[in-house]
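The values are calculated or read from the model by the stated rules, or taken from the named source; none is laboratory data. These numbers come from a predicted model, not from an experiment. Backbone-built Cβ (ideal geometry, glycine too); neighbour counts: all protein chains shown. These area figures cover heavy atoms from the full protein model, side chains too; ligands, DNA and RNA do not enter into them. Shrake-Rupley method; radii C 1.70, N 1.55, O 1.52, S 1.80 Å.
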Amino acid sequence: GGADPGAPGYFKNIWEKDIVLSIAKKLAQTLRDRLQCTVVLTRSSDRKLTLEERTAIANTQRADLFISLHCNAAKNRKLKGIETYILNLATDDQAIAVAARENATSKKNISDLEYILSDLMKYAKIEESTRLANVVHKSFVRGMKKSYSGVADLGVKQAPFYVLLGARMPSILIETSFISNKEECKRLMSKSYQTAISNAIT
């Protein structure tokens with residue numbers, strides 16, 4: 001948000017920060033309505049939050065779960081699909097690339113693995129986060145495939161995302177679709193697709 005627009009869309013003047021905020025507001029409402037739970041948004045307007053501030057909000061609120069929503073992007077505009085991540089050391093080159101892009105706004109250095117590992121061992125609920133990621137991802141993919149064709153399941157992956165560091169609750173990062181892909185960017189811009197995403201995640 002704010003001065004950090006996130007990834008640029010395939011179409012002009014379409015930015016990740018706006019799409020994600022719109023999806024997050026829908027998801028928050030859907031979670032409140034269907035699960036009768038309290039939902040705290042890290043931002044409800046177009047303002048910038050550091051990666052560290054986001055988990056700090058979750059910790060201060062003593063949240064039970066932390067969900068970080070994003071739109072994926074790649075230089076290869078043909079890439080598409082949805083994927084879910086948990087905090088850990090990366091398992092493949094693509095996961096490293098996604099983490100590097102998402103971590104770019106942080107002042108930390110991606111090579112600072114000692115800090116990441118000690119933090120992982122101290123707080124990360126890896127087992128619970130893995131279970132949460134698998135359940136949510138399966139539901140997300142199934143839900144989207146019901147209404148949309150050509151939905152690519154990129155699976156559940158692991159990577160060292162700074163936004164998930166220090167979260168003292170099960171936490172996941174969801175890459176909702178590729179904003180850099182023509183078809184998926186068009187879908188992400190539509191209210192019906194955003195609603196479908198929030199329903200499937202819930």
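Scan the stretch 9-29 for residues that are hydroxyl-bearing (Ser, Thr, Tyr) and under 15 Å from ALA73 (Cβ atoms) and report the count.
1
Quick one: is MET189 of a type in the set (A, V, I, L, M, F, W, C), touching a helix residue (DSSP H, G or I) at 6+ places or on another chain (Cβ under 8 Å), open to solvent by 20 Å² or more (accessible area, probe 1.4 Å) and closer than 23 Å to TRP15 by Cβ? Write out each step before concluding.
Values: of a type in the set (A, V, I, L, M, F, W, C): yes; touching a helix residue (DSSP H, G or I) at 6+ places or on another chain (Cβ under 8 Å): yes; open to solvent by 20 Å² or more (accessible area, probe 1.4 Å): yes; closer than 23 Å to TRP15 by Cβ: yes.
Yes, satisfied.
Out of the residues in the stretch 81-131 that are acidic (Asp, Glu) and modelled with pLDDT under 95, state the one that is nearest to ALA200 (Cα to Cα).
Our first condition is that a residue be acidic (Asp, Glu); within the stretch 81-131, this holds for 83, 92-93, 102, 112, 114, 119, 127-128.
Checking the rest, the ones that are also modelled with pLDDT under 95 come to 92-93, 102, 112, 114, 119, 127-128.
Working: ASP92: 26, ASP93: 28, GLU102: 23, ASP112: 35, GLU114: 36, ASP119: 31, GLU127: 22, GLU128: 20 Å.
Ranking the qualifying residues of the stretch 81-131, first place goes to GLU128.
Among LYS157, LYS186, which is basic (Lys, Arg), under 15 Å from the mean Cα position of the chain (by Cα) and either at pLDDT 95 or above or not in a helix (DSSP H, G or I) (or both)? Quick ask: steps written out before the conclusion?
Numbers: LYS186 fails: under 15 Å from the mean Cα position of the chain (by Cα).
Selected residue: LYS157, the only one of LYS157, LYS186 that is basic (Lys, Arg), under 15 Å from the mean Cα position of the chain (by Cα) and either at pLDDT 95 or above or not in a helix (DSSP H, G or I) (or both).
Between residues in the stretch 141-156 that are touching a residue at least 12 places away in the same chain (Cβ under 8 Å) and residues that are among the small types (Gly, Ala, Ser), which pairs lie under 6 Å by C-beta distance while being six or more apart or on different chains?
Pairs found: GLY143/ALA200; MET144/ALA200; SER147/ALA196; ALA152/GLY81; LEU154/GLY81; VAL156/ALA133.
What are the residues in the stretch 168-183 that are within 27 Å of ALA63 (Cα to Cα) and either more than 14 Å from the chain's Cα centre (by Cα) or free of Cβ contacts under 8 Å to residues at least 40 places away in the same chain (or both), if any?
Within the stretch 168-183, the first condition is being within 27 Å of ALA63 (Cα to Cα), and the residues that meet it are 168-177.
Residues satisfying the conditions are ARG168, MET169.
Given (1) touching a strand residue (DSSP E or B) at 6+ places or on another chain (Cβ under 8 Å); (2) under 25 Å from THR50 (Cα atoms); (3) at pLDDT 95 or above; (4) among the polar types (S, T, N, Q), identify the lone condition not met by ASN134.
Failing condition for ASN134: (2).
Within the stretch 1-28, how many residues are under 14 Å from LEU69 (Cβ atoms) and either touching a helix residue (DSSP H, G or I) at 6+ places or on another chain (Cβ under 8 Å) or of a type in the set (D, E, K, R) (or both)?
12
Tally up the residues in the stretch 41-67 that are touching a strand residue (DSSP E or B) at 6+ places or on another chain (Cβ under 8 Å) and among the β-branched types (Val, Ile, Thr), please.
Selection size over the stretch 41-67: 2.
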